[in-house]
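What follows is one structure encoded as structure tokens, with my remarks underneath.
What follows draws every value from the coordinates through simple rules; no lab data is involved. Because the structure is predicted, anything quoted here is derived from the model rather than measured. FYI the Cβ positions are ideal-geometry reconstructions off the backbone, even for glycines, and counts take in every protein chain you see.
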Amino acid sequence: MSGTPEGDAAPGVAAGAGPPSIPWDMGELEASARACLTPDAAVYYEATATYPPTHENQRAWRSWRFVPRFGVDVRAVSTEAQIFGATLAAPVLLAPCAFAEYAHPDGEWAIARAAARTDSVYVVSSASSKPADTVPRAGGGRCWFQLYVPRDGGEVVRVVRRAEDAGFQAIVVTVDAPVGALRHVGYVPNPSGQDPFTHGRSSGSPLNPGVTWDTIGEVAGLTSLPVLVKGILHPDDARRATDHGARGVVVSNHGARQLDGVVPTALVIEEIAAAVGGRTAVLVDGGIRSGRDVLRALCLGAHAVLVGRPHLWALAAGGEDGVDLLLRRLKLELENAMALTGCPSVADAHRDLLRYHRSAD
């Protein structure tokens with residue numbers, strides 16, 4: 001186990017200064033981050049299985065239009081949410097994103113500190129640029145561990161034990177990457193230089209193409225920590241994950257990074273939430289770009305959302321304080337949207353507050 005690091009202040013932020021004024025608009029924030037990133041890092045963060053990225057995830061959320069209710073006392077609006085017995089300031093978690101050090105020297109340590117400052121949860125990527133076992137103590141808050149199931153069964157046990165010893169509070173098993181994706185940047189598949197005829201097939205994938213629902217049951221049996229399954233897009237898969245011991249499912253299409261033409265999460269979250277019928281926690285990611293999107297997800301049956309690329313942009317543009325500010329803005333936007341739709345609490349976010357109208361933008 002490595003020692004807990006001492007983080008430096010974000011570049012350009014004087015000690016004791018207030019948070020940086022990162023752009024509020026997500027398009028401007030992404031542009032600001034790109035100016036701070038190397039070209040390779042910017043391409044890696046932005047890459048999807050489609051070129052150019054279609055932003056279908058974001059458009060799908062915007063297609064859900066609000067039908068506000070009034071005559072409700074909203075003098076006191078609470079965004080607090082409960083998940084696995086913990087109280088969060090808002091139902092917004094930070095999704096696992098690889099190689100955060102590309103955005104800032106403190107990488108995952110800075111993100112974990114920002115999550116702790118805002119009473120959020122950080123799901124640490126299995127491809128963390130900092131030693132994963134140092135991240136929970138670096139932040140001092142709640143961290144969950146993303147697990148890609150290794151091919152070696154003995155290694156699975158070792159990874160889970162290390163996660164427990166490091167202080168992680170949940171295990172998030174990612175199932176939607178049984179093989180490497182053929183990601184296109186420009187018109188070149190796999191710009192990292194890997195041979196697509198090897199990388200894109202089960203026989204040559206560095207990932208584990210043999211993960212089944214029995215595997216989920218085995219992982220759940222190894223630990224008393226909550227086990228969630230990430231990458232769910234079909235209601236039957238949500239049922240199977242729950243039947244095999246998962247205490248949570250994450251509706252996710254991997255940020256559209258795996259499969260060209262995959263369904264946006266905003267179009268399936270309602271059906272999946274109905275399928276598990278309250279038996280397990282339901283989270284969702286993919287294109288969440290505002291507190292209004294968070295409210296949309298809650299109305300469609302999610303208990304919480306995860307935000308991915310935006311927290312990397314905030315990290316690149318403003319360091320730890322930038323991530324802190326992003327989370328506080330999302331909470332404020334959620335609180336404001338709740339007041340404007342007649343929701344004093346997250347429990348008041350109901351399906352009848354939404355209508356579907358396909359977004360053309």
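When only Cα pairs below 8 angstrom with a gap of at least 6 residues are kept, region 26-356 shows a relative contact order of 25 percent.
The convex hull drawn around the Cα atoms of the chain, when projected onto a plane and averaged over every direction, covers 17.8 nm². Computed from backbone phi with θ = phi - 60° and the Karplus coefficients 6.51, -1.76 and 1.60, the 3J(HN,Hα) list for region 137-151 is 6, 5, x, x, x, 8, 10, 10, 10, 7, 10, 8, 5, x, 5 Hz; x is used for glycine and proline.
Between ASP260 and ASP165, the contour length at 0.36 nm per residue exceeds the Cα-Cα span by 30.4 nm.
Near LEU93, the amide H atoms lying under 5 Å from its own belong to VAL305, LEU306, VAL307; only residues 5 or more places off or on other chains count, and H is placed 1.01 Å from N. Largest GNM mean-square fluctuation among GLY291, GLY180, GLY255, using the chain with Cα springs under 10 Å: GLY180. Across LYS331, LYS230, LYS130, mean-square fluctuation computed from a Gaussian network of the chain (C-alpha pairs under 10 Å connected) peaks at LYS130. Of the DSSP H helices in the chain, those with a Cα length along their own long axis of 27 Å or more and a mean Kyte-Doolittle hydropathy reaching 0.0 comprise 309-341. In the chain, excluding the sites themselves, the longest stretch lacking any of the chymotrypsin sites (Phe, Trp or Tyr not before Pro) that are in a DSSP loop with at most 10 other Cβ atoms within 10 Å is 188-361. In this label model, VAL74 and ASP214 are separated by 5.2 nm, measuring between points 7 Å along each Cα→Cβ vector. Within the listed set ASP195, ASP119, ASP106, the Gaussian network model of the chain (springs between alpha-carbon atoms below 10 Å) gives the highest mean-square fluctuation for ASP195. The ranking of LEU315, LEU340 by Cβ neighbour count inside 10 Å, starting from the fewest, reads LEU340, LEU315.
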